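Below is one structure; the comments refer to it alone.
The values are calculated or read from the model by the stated rules, or taken from the named source; none is laboratory data. Note that the coordinates shown come from a computational prediction; the quantities given were computed from them, not determined experimentally. Glycine gets a Cβ as well: all are built from the backbone with ideal geometry, and neighbour counts include every protein chain shown.
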Amino acid sequence: MLGKKIKNGNIEDTLNRFLKDDQHLVLGFEKGENGVSLRAFKNYLDHYSLLNPIFSTNGALHLRRLFSKGTKIILMLRPCEIRAYIELIKLNQIEREDIIAVSIDCFGALSSKDKTDDIPAEADQLREYFKKTDTMRWACKVCRERRGVVGDAGIRIDRDGLFWAFSYTEKGDSFLSLIEGEPEESRTEMLMSGSEKQDQFQNDMKTFSKDFAKCTMCMNCRDMCPVCYCIDCVFNGDEYLPKGDALLNKILRSGPVQLPQGKELFHFIRMYHVSQTCVGCGACEEACPQGIPLTKYFKGISERLQGMFSYMSGRSFDESIPYLTFLEDELKNAED
Amino acid sequence: MKTGIFICHCGHNIKHTVNVKKLSEYFKKYPNVTVSQDYVFVCSEPGQDMIRESIEKKGLDRVIIASCTPSLHGEMFKDVLKKSNLNPFLLRRVSIREHCSWVGDDVEKNTEKAKRLILAGLYSAAHYVPLEEKRVDVTRSALIIGGGVSGLSAAAFLSKMGMQVYLVEKEPELGGHVRTLKNIWPAGKDGKSIIDEMIEELTGRENVEIFTSTTISGFEGFFGNYEVTLDTPEGEKKLTAGGVIIAIGFSPFDPRIKPELQYGKDDRIITTLEFEHNADTLQLPEKPRVAILHCVGSRDEQIGKPYCSRVCCINALRVGEAMKDKYKDSYVESFYMDVRAHPRGGEEYFEDTQEKGVLFTRANVAEINLSPTGIVIRGEDTLFGETFEREFDLVVLSIGMSPPVDNKLIASLLKITLDKDKFFMEAHIKLRPFDTAVKGIFIAGSCSGPKDVEESINHGRASAVKLFGFLNLGYAYVDPFISYVDPKRCSGCRMCEQACVAKAIKYDEEKRVVHVEEAACMGCGLCNATCPSSAISLKGYIDCMIDDEIGALLEAI
């Protein structure tokens, strides 16, 4: 494949050149005193980091309902974040026109809840680090796509430790044209080739009620989910989960309920809503104050469902979400 | 809220297995129930007067009638409310006859069940709001797709009634398959003369526009005002049609799908259609041996055509008769599963053919082999359970009807559904056999399933009459049960747009929300179920209404 080799520090120069325009933004990672975090850069890059070894939220969350035209934005994010961004485009929640999405090879990340002091942010060191310790987030361990092959362009790292930029769409071409140098054929194999075969993980519901017994209905998982996009959730207000007098009325009419009520219903409805677009990033589990293993269920069930339709969320811009395609002949097997 | 509950005895029908007195007493305890009464026949004149009197004197604002099934006397009870100046959509019918008293004999259990059903009605009716049937202006014009016998007969009727008719035909000539037939059974007429007669009726009428060699490239809009784009030889043409009749016919089954029949490899193996066209030019010996195979491409699960094509038995009989008439000493053998001589006079015709000397063997034909001297048919005689092998000079395959080639194209363009055999599906097989699920779009002729010429003509006329009834006044009323969108809740993900069969949902690019075109909405509720934010509701069937109703059925009384 034809790509552009990125020499040391070249990516910062490229992005800085892009940022000279006042109307341009870069969404990427910043290495600060307190670790690496997501940052929107304007005018120039400061302490830029290509990789982010700590996962706290999914970056696509901040792009929801981004419709303004005229401000050009380059996203330099993880593959799971770019995939969520692509799903949001399909759901008309983002105006794609002025955004270039660049996915970067990801080596996995630590949970922001864990101790993150000694984690390096350089590619080769990070890789060694995860080889030595078993501290990687579970969602990252079972990730389906860690390669920078989604979005408009991708940044890949080859076996010699060199960085490459590849373009996948026309927007990707314009990103590549910002980088100095001529396109050349990459001869070395990439560090991450193909997606690794993952172990089968939990996707049955045997321990569901036990796992979710701890839920306090803070609904953080919903708020932090990048693809849970409704402006007004059905669980806001009294319709599904009555409070006060309405609750009392319900209890008097239909008998006692557990409080907070509707835990299972909430998670089931959310699962039903996001299972076709879930990218398995684990942001829900990251946001859960109770440590409920949400990824296990949401990722497990969504991957099985997407498999039924030969669909993978965020794999490409053109694949339509099964929910959005109405075919008369589909799911013939499920009929019986 | 003042609710009136009227419980009908239906003479003895309900009373003998449901304790109606207990029921009417029970509901008096509910604070929002003003009247709870039972009566021997609520549908009778005095019964209706009783309801009217209660509404007028007690000021009822909800009426619940617990009686027979809602489809019976529905309009009549609505009129009762209208006469008392109450919105007819504030009426709730509860079926305690079909769903209760007729089901079992246990009075205790039946009464308990009736109680729950009425309670569900009571809870649900609390959410009722007055609704209005909406009047929409419609264009008095019809688009007829397909210029075969069905399309032509529909066009003839509609144009005679003074409606603008646009007749679209894919081929350069009108007439479809019937034009090519030399003899229409049992009329004995030439197909071309029938078609010419029908075309003659249309020519000279100012309100008929015929487009030949034309296909449909675009279809927008909704009932009463469909916007159609035609692809004519002169270029694109746009027109507005109030309704549509689809009459695109069928395609003859291609026996090449069954390779064991060797069709196409030898010109001594022909179809009934080819026999019809070239019967006179066939080269046959003086005493020909002719085999006729029934059910080729019909009643065959393996190739996905389990249906009977209805016309092919008669066709097969006609081939047998023709052979016997032409060659007195011929040997003609028909291999059949059953002979289904459907139309009037068919059974007599079957007997005539037998008398003329055509042999009928109930058999499964396994394969056909070509030999230099003839064509060998191998199979099993299913009456005697024996295998046989016989040689013939000519094999005629009585082919069935397959769905039209453009079925998927038309279905996706007009957003209508196909049945499991890929013919167009009717809205209801018995009650609405000419309608599709989309209002104002009708089907006619063999595109909705195999039909003979007579049936196709009738079907075409029937659809035309129904369409005429819809459009004649220049306006129509649409049901108030339509979807509406709460713009504050809508996220603009456009999922509902995909689910909508009627294309009634429109996206507002500027506000980034959707809205429902009221005239187009069929009230099916698909969008309602699709919306993740519950931003869409169906008028008359809002979510909390259904929730409360289920709650009433399940809760402890």
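Out of (1) outside any strand (DSSP E or B); (2) under 12 Å from the mean Cα position of the chain (by Cα); (3) buried (at least 16 other Cβ atoms within 10 Å of the Cβ), what's the single condition that is false for A:H62?
(3)
Okay, residues lined up against (1) assigned to a loop (DSSP other than H, G, I, E, B); (2) in contact with a His (Cβ under 8 Å, 6 or more places away or on another chain); (3) surrounded by 15 or more Cβ atoms within 10 Å (Cβ to Cβ); (4) not polar (S, T, N, Q):
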{"residue": "A:C215", "(1), (2), (3), (4)": "yes, yes, yes, yes"}
{"residue": "A:Y229", "(1), (2), (3), (4)": "yes, no, yes, yes"}
{"residue": "A:C233", "(1), (2), (3), (4)": "yes, no, yes, yes"}
{"residue": "A:L248", "(1), (2), (3), (4)": "no, no, no, yes"}
{"residue": "A:F266", "(1), (2), (3), (4)": "no, no, yes, yes"}
{"residue": "A:I269", "(1), (2), (3), (4)": "no, no, yes, yes"}
{"residue": "A:T277", "(1), (2), (3), (4)": "yes, no, yes, no"}
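Taking into account only those residues within the range B:500-537 that are more than 25 Å from the chain's Cα centre (by Cα) and among the charged types (D, E, K, R), which is nearest to the other protein chains (Cβ to nearest Cβ)?
So, considering only residues that are more than 25 Å from the chain's Cα centre (by Cα) and among the charged types (D, E, K, R), the one nearest to the other protein chains (Cβ to nearest Cβ) is B:R512.
Residue check: is B:R489 within 9 Å of another protein chain (Cβ to nearest Cβ) and over 17 Å from A:V234 (Cβ atoms)?
Spelling it out, it is not the case that B:R489 is within 9 Å of another protein chain (Cβ to nearest Cβ) and over 17 Å from A:V234 (Cβ atoms).
In the range B:153-162, is there at least one residue being under 20 Å from the mean Cα position of the chain (by Cα), crowded, with 23+ Cβ neighbours inside 10 Å and part of a loop (DSSP other than H, G, I, E, B)?
No, the range B:153-162 has no match at all.
Scan the strands (runs of 3 or more DSSP E) fully inside the range A:90-202 and keep the ones with 1 or more residues being buried (at least 19 other Cβ atoms within 10 Å of the Cβ) and within 19 Å of the chain's Cα centre (by Cα).
Once the strands (runs of 3 or more DSSP E) in the range A:90-202 are filtered for at least 1 residues that are buried (at least 19 other Cβ atoms within 10 Å of the Cβ) and within 19 Å of the chain's Cα centre (by Cα), what remains is A:99-104, A:153-157.
Checking the conditions here, which among A:F212, A:F208, A:F175 is in contact (Cβ under 8 Å) with a residue 40 or more places away in the chain, away from chain B (no Cβ under 14 Å) and either among the β-branched types (V, I, T) or under 30 Å from A:S316 (Cα atoms) (or both)?
So the residue among A:F212, A:F208, A:F175 that is in contact (Cβ under 8 Å) with a residue 40 or more places away in the chain, away from chain B (no Cβ under 14 Å) and either among the β-branched types (V, I, T) or under 30 Å from A:S316 (Cα atoms) (or both) is A:F175.
Return the only residue of B:G540, B:G551 being at positive phi, surrounded by fewer than 18 Cβ atoms within 10 Å (Cβ to Cβ) and either in a helix (DSSP H, G or I) or more than 9 Å from every other protein chain (Cβ to nearest Cβ) (or both).
None of the others qualify; the one that does is B:G540.
Search the range B:320-342 for residues that are touching a residue at least 12 places away in the same chain (Cβ under 8 Å) and pair each with any residue that is in a loop (DSSP other than H, G, I, E, B) and among the hydroxyl-bearing types (S, T, Y) when their beta-carbon atoms are under 8 Å apart and the residues are at least 6 apart or on different chains.
The qualifying pairs are B:M323/B:S330; B:K324/B:S330.
Taking A:T277 as the residue in question, decide whether it is in contact (Cβ under 8 Å) with a residue 40 or more places away in the chain and under 30 Å from A:Y168 (Cα atoms).
yes
Residues that are acidic (D, E), within 20 Å of B:V405 (Cβ to Cβ) and surrounded by fewer than 21 Cβ atoms within 10 Å (Cβ to Cβ): does the range B:242-257 have at least one?
yes
Please enumerate the residues belonging to the range A:80-139 that are of a type in the set (F, W, Y) and closer than 18 Å to A:C228 by Cα.
Scanning the range A:80-139 gives a single hit, A:Y85.
How many residues does the range A:280-313 hold that are closer than 19 Å to A:N58 by Cα, in contact with a Ser or Thr (Cβ under 8 Å, 6 or more places away or on another chain), touching a residue at least 40 places away in the same chain (Cβ under 8 Å) and crowded, with 17+ Cβ neighbours inside 10 Å?
The number of residues fulfilling the criteria is 8.
I'd like to know if the range B:454-471 contains one or more residues that are more than 30 Å from B:I195 (Cβ to Cβ), under 28 Å from the mean Cα position of the chain (by Cα) and not charged (D, E, K, R).
The answer is no, given that none of the residues of the range B:454-471 is more than 30 Å from B:I195 (Cβ to Cβ), under 28 Å from the mean Cα position of the chain (by Cα) and not charged (D, E, K, R).
Restricting attention to the range B:212-224, does a residue exist that is touching a Phe, Trp or Tyr at 6+ places or on another chain (Cβ under 8 Å), of a type outside the set (S, T, N, Q) and part of a strand (DSSP E or B)?
yes
Does B:F424 satisfy the criteria of being of a type in the set (F, W, Y), surrounded by 14 or more Cβ atoms within 10 Å (Cβ to Cβ) and assigned by TED's automatic domain parsing to the domain that holds B:I270?
Here the answer is no, as B:F424 does not meet what is asked.
Here is a yes/no grid of residues against (1) in contact with a Lys or Arg (Cβ under 6 Å, 6 or more places away or on another chain); (2) in contact (Cβ under 8 Å) with a residue 40 or more places away in the chain; (3) within 20 Å of B:P130 (Cα to Cα):
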site: B:Y30; (1), (2), (3): no, yes, no
site: B:C43; (1), (2), (3): no, no, no
site: B:E56; (1), (2), (3): no, no, yes
site: B:I65; (1), (2), (3): yes, yes, yes
site: B:P70; (1), (2), (3): yes, no, yes
site: B:R92; (1), (2), (3): no, no, yes
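Against the condition at positive phi and assigned by TED's automatic domain parsing to the domain that holds B:R362, how does B:G320 come out, does it pass?
Criteria not met by B:G320.
Yes/no per residue for (1) of a type outside the set (D, E, K, R); (2) within 22 Å of B:P252 (Cα to Cα); (3) assigned by TED's automatic domain parsing to the domain that holds B:D280:
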site: B:Y307; (1), (2), (3): yes, yes, yes
site: B:F335; (1), (2), (3): yes, yes, yes
site: B:D352; (1), (2), (3): no, no, yes
site: B:D381; (1), (2), (3): no, no, yes
site: B:F388; (1), (2), (3): yes, no, yes
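What residue, among those in the range A:261-318 that are within 14 Å of another protein chain (Cβ to nearest Cβ) and hydroxyl-bearing (S, T, Y), is farthest from A:C218 (Cα to Cα)?
So, considering only residues that are within 14 Å of another protein chain (Cβ to nearest Cβ) and hydroxyl-bearing (S, T, Y), the one farthest from A:C218 (Cα to Cα) is A:T277.
In this structure, does A:R83 turn out to be of a type in the set (K, R) and outside any helix (DSSP H, G or I)?
No: the conditions fail for A:R83.
Scan the range B:130-141 and tell me whether some residue there is of a type outside the set (F, W, Y), more than 30 Å from B:D280 (Cβ to Cβ), in a helix (DSSP H, G or I) and at pLDDT 90 or above.
No, the conditions are met nowhere in the range B:130-141.
Residues checked against (1) of a type in the set (S, T, N, Q); (2) in contact with a helix residue (DSSP H, G or I) (Cβ under 7 Å, 6 or more places away or on another chain):
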position	(1), (2)
B:V339	no, yes
B:Q354	yes, no
B:T373	yes, no
B:R378	no, no
B:L383	no, no
B:E391	no, no
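Consider B:K466 carefully, then state whether it is away from chain A (no Cβ under 13 Å) and touching a helix residue (DSSP H, G or I) at 6+ places or on another chain (Cβ under 8 Å).
no
Among the numbered criteria (1) surrounded by fewer than 16 Cβ atoms within 10 Å (Cβ to Cβ); (2) β-branched (V, I, T); (3) within 25 Å of B:V40 (Cβ to Cβ), which one does B:T180 miss?
Of the numbered conditions (1) surrounded by fewer than 16 Cβ atoms within 10 Å (Cβ to Cβ); (2) β-branched (V, I, T); (3) within 25 Å of B:V40 (Cβ to Cβ), the odd one out for B:T180 is (3).
When you look at B:T436, is it more than 28 Å from B:I270 (Cβ to Cβ), surrounded by 18 or more Cβ atoms within 10 Å (Cβ to Cβ), within 19 Å of the chain's Cα centre (by Cα) and of a type in the set (S, T, Y), yes or no?
yes
Residue check: is B:S446 of a type in the set (S, T, Y), crowded, with 19+ Cβ neighbours inside 10 Å and either within 14 Å of another protein chain (Cβ to nearest Cβ) or farther than 22 Å from B:D300 by Cβ (or both)?
Criteria not met by B:S446.
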